[in-house]
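> Just dropping this structure here.
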Amino acid sequence: MDIGLQIKKFREQQKISQEELALKVFVSRQTISNWETNKSCPDVKSLITLSNIFNVSLDDFIKEDIKEMRKIVEKEATKKFYMISMVFLMELIVVAVSAYPLFSIKGNIGIVIWLCLFTITLYTASKIEKFKKVYDIQTYKEILAFIDGKQLTHDETQQELGKRNYQKIIFALITGVITLIICFIVISIFQYSTN
């Protein structure tokens, strides 16, 4: 149940009109109407006043809204993580594919451009690591569960904690190998096309 319905329910239970409630909360009747129809939300001070008027704890008064807000925040975080991951993947591909063409440009301009691309990719990688620390997700299984909006069981979490150290090393090695393979493919293509 959202906060607007809660206000209306408690107001009607106590047989208080919107005008009477507005006077007690020091707002207009229209403001009460807007709250009840979810056109606007009460501020923290008004929520405390309302919980006192209705004689319910603030926690009980806004519990359902907090659950709903938590779901929204988790969905937003999942979307953000997915987007940052996709951007990072694209940046890695661009860095790997552009290395040989940029290094073959005469002078240092190609190297400078590639270093700028590499720096941007490192920055994105640091954002992903920061995100993973905030949400305490490190292993592949934890990341997949997070993206799917699921939670691991206690036993699964304990297993994943044990995997964290070696999975980072394996992930770094696999990323390095893939990057080298892409670089060799790009170099081969450019050498073949120049001959």
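The values are calculated or read from the model by the stated rules, or taken from the named source; none is laboratory data. All values derive from a computational prediction rather than experimental measurement. Please note: Cβ atoms are built from the backbone with ideal geometry, for glycine as well, and neighbour counts cover all protein chains shown. Protein only, heavy atoms only, side chains kept; ligands, DNA and RNA dropped before computing areas. Shrake-Rupley method; radii C 1.70, N 1.55, O 1.52, S 1.80 Å.
> Subtracting the Cα-Cα distance from 0.36 nm times the residue separation, let me have the gained length for Cys183 to Phe131 in nm, one decimal.
15.9 nm
> What is the sum of charges around Ile113, taking Lys and Arg as +1, Asp and Glu as -1, for the other residues whose C-beta is under 14 Å from the C-beta of Ile113?
It works out to a net charge of 0.
> Using 7 Å Cα-to-Cβ label points, what is the Asn34/Val56 separation (nm, one decimal)?
The two pseudo-label positions are separated by 2.3 nm.
> I want to check the label-to-label distance for Thr194 and Val44. Put each point 7 Å from Cα in the C-beta direction and report it in nm to one decimal.
6.3 nm
> Right, next: With a 1.4 Å probe and all protein chains in place, put Ser40, Ser98 in order of accessible area, largest first.
I get Ser40, Ser98, largest accessible area first.
> For Lys15 and Leu89, FRET efficiency with R0 = 45 Å and r from the beta-carbon atoms, rounded to 0.05?
With a Förster radius of 45 Å, E is 0.15.
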